[in-house]
Amino acid sequence: MAEDKHAATASRAGSAPRMVVPTTRVNFAFPFSKITVEEPARDIAELASIVAGLAAAVERTGSDPAVTRARERAEALMDRLR
């Protein structure tokens with residue numbers, strides 16, 4: 001009878017997992033369920049125009065290649081926004 005209990009316990013222990021690892025699930029809810037793309041406002045286009053004008057004015061005061069690249073980038077942005 002003692003052998004029957006030992007055999008039953010051994011068979012149950014063999015079918016159980018040796019290591020129990022709990023799993024944790026995490027759900028993320030982002031606040032932007034609706035994403036919209038809008039055309040740039042006239043104010044942004046005007047601001048780009050002002051920056052391009054300032055870059056051109058700074059470029060006239062010296063011949064730094066970085067200023068020239070900045071002016072070109074500002075003008076390219078101004079053209080894209082219009």
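Quick notes on this one:
- Relative contact order of region 36-82, defined on C-alpha pairs under 8 angstrom at six or more residues apart (%): 48 percent
- Computed over region 36-82, the P(r) tail beyond 12 angstrom holds 59 percent of alpha carbon pairs.
- Table column - 3J(HN,Hα) (Hz), region 57-73, Karplus curve with 6.51, -1.76, 1.60, x for Gly and Pro: 5, 5, 5, 5, 7, x, 10, 6, x, 5, 5, 4, 5, 5, 5, 4, 5
- Here the extension length gained between Phe30 and Arg82 equals 15.4 nm, from 0.36 nm per residue of separation less the Cα-Cα distance.
Read the figures in this text as sums done on the coordinates, not as results from a lab. Predicted model only: the values in this text are computed from it and were never measured.
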